[in-house]
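See structure below.
The values are calculated or read from the model by the stated rules, or taken from the named source; none is laboratory data. What you are looking at is a predicted structure, and each value in this text was computed from that prediction instead of being measured. Backbone-built Cβ (ideal geometry, glycine too); neighbour counts: all protein chains shown.
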Amino acid sequence: MKKIILFFILGLTAHLFAQTTLKKIAFGSCGHQDKPQPILTTVDSLFKPDVFIYLGDNIYGDSHSMAALRKKYALLAAKSEFQRLKKNAKLIATWDDHDYGKNDAGEEYRMKKQSKKVFLTFWEEPKNSPRWKRAGIYTSYQFQTKGKKNIQVILLDNRTFRSKLLKANPEKDKKDKNDYTVNTDYHATMLGTQQWKWLEEELRKPADVRIICTSTQFGTEYNGYETWANFPLEQAKMIRLIEKTRANGVLFISGDVHYSELNVIKPDGMYPLYDMTSSGITETWDHVEPSDFREGQAFQGNNFGGIEFLENENGVLKIKFSVFDVKGVPKIKKEILLSELQLPKKI
Ligand SMILES: [Fe+2]
């Protein structure tokens, strides 16, 4: 009997959640558990999102010891600013290298199964979630706006399957800079076969807006640090997949780099692919990498990202894409009509 009541309550909760109207999503990355995180107070008290997306480096775990990792998550959990945000918004998360457990690590990281368990436990993944059963932590969510627009949120896992990075060697190749060089091996991958297959199925599901969350930046040129551009064949594959599945309304959000910026890739014959980067919750960096794809200026203070869904009475949806500083002042702004994110009709 107890079991029946529990299933009934769980079912009811899921149903109610599906009915929740989505107005605002906030997102961020790169928060050190040892530092105060006032940006979370700004998110909660000024922006008031329905959902907050953690884009990775949510703690600086950097340890093979799961006990150490759990201790660092506990420091985040103990912060009052985190607790308030958790009370008022739905928190969803993917990871990047530091919460995965090792700087710049990919599929070769030997503690990835154990670290996944710690991650899913901390983020309170429901016991019946497919995330527990398959390799990696990728997943997706569906929300609906007041005007019944379907918003799909896709969380990618850029770590579990990613091929090893190749070290830059400027003496051999003058185009090389910073840490890593471009990998054009046909077999090299960002997402791995299973995740690519899953992503294709996701992109074929009906949705008006699709927010693809990628811990490392999607929309930049090669810069010698971690980005999709280190695997240009995989970056091109993503663009081809969006085209092939006729997936309209795609927007990328990313983190990792300790500054924020808006990049846009303009592939031939399709709509512009925006990538809004928000990083970091506590971390900053004094140097911004050059990018021909950047719109406007990067912002180097602590920040969070915001996506607001604005609908008029005729059902026209405008997406307000922003990055805010710790005072809640917008530092990067972009308004996009959903009608601008549509593939040209096939003749
Ligand atoms: Fe990172």
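A few points about this structure:
- Search result, residues across segment 178-204 that are part of a strand (DSSP E or B) and either of a type in the set (D, E, K, R) or out of contact with any Phe, Trp or Tyr (no Cβ under 8 Å at 6 or more places or on another chain) (or both): 181
A quick yes/no check of all residues on (1) closer than 24 Å to residue 72 by Cβ; (2) not polar (S, T, N, Q):
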| residue | (1), (2) |
| --- | --- |
| 110 | yes, yes |
| 115 | yes, no |
| 122 | yes, yes |
| 151 | no, yes |
| 168 | no, yes |
| 190 | no, yes |
| 195 | no, no |
| 200 | no, yes |
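- All positions within segment 218-240 that are of a type outside the set (Gly, Ala, Ser), free of Cβ contacts under 8 Å to residues at least 60 places away in the same chain and within 16 Å of the ligand (Cβ to nearest atom): 218, 227, 228
- Close pairs (8 angstrom Cβ cut-off, 6 or more residues apart or separate chains): more than 18 Å from residue 194 (Cβ to Cβ) and among the polar types (S, T, N, Q) in segment 98-117, within 12 Å of the ligand (Cβ to nearest atom) and part of a loop (DSSP other than H, G, I, E, B) anywhere: 103/62; 115/61; 115/101
- Scan segment 291-329 for residues that are surrounded by 14 or more Cβ atoms within 10 Å (Cβ to Cβ), at pLDDT 95 or above and in contact with a Ser or Thr (Cβ under 9 Å, 6 or more places away or on another chain) and the total you get is 21.
- For residue 71: the one exception among (1) charged (D, E, K, R); (2) in contact (Cβ under 8 Å) with a residue 24 or more places away in the chain; (3) surrounded by fewer than 16 Cβ atoms within 10 Å (Cβ to Cβ): (2)
- Out of 286, 256, sole residue that is among the charged types (D, E, K, R), in a loop (DSSP other than H, G, I, E, B), under 28 Å from residue 59 (Cα atoms) and without any contact (Cβ under 8 Å) to a residue 24 or more places away in the chain: 286
- The criterion of being away from the ligand (no atom under 16 Å from the Cβ) and either among the hydrophobic types (A, V, I, L, M, F, W, C) or at pLDDT 95 or above (or both) holds for residue 271.
- Residue ID - farthest from residue 328 (Cα to Cα), chosen from residues in segment 19-61 that are of a type in the set (A, V, I, L, M, F, W, C) and assigned to a loop (DSSP other than H, G, I, E, B): 59
- Tally, over segment 86-102, of residues that are more than 16 Å from the ligand (Cβ to nearest atom) and not in a strand (DSSP E or B): 4
Yes/no per residue for (1) within 16 Å of the ligand (Cβ to nearest atom); (2) crowded, with 23+ Cβ neighbours inside 10 Å:
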site	(1), (2)
243	no, no
246	no, no
250	no, yes
254	yes, yes
257	yes, yes
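- Residues (in contact (Cβ under 8 Å) with a residue 12 or more places away in the chain and outside any helix (DSSP H, G or I)) located in segment 127-139: 134, 135, 136, 137, 138, 139
- The number of residues in segment 205-217 that are assigned to a loop (DSSP other than H, G, I, E, B), surrounded by 24 or more Cβ atoms within 10 Å (Cβ to Cβ) and more than 14 Å from the ligand (Cβ to nearest atom) comes to 0.
- Only residues that are among the hydrophobic types (A, V, I, L, M, F, W, C) and either touching a Pro at 6+ places or on another chain (Cβ under 6 Å) or within 15 Å of the ligand (Cβ to nearest atom) (or both) were counted in segment 55-85, giving 2.
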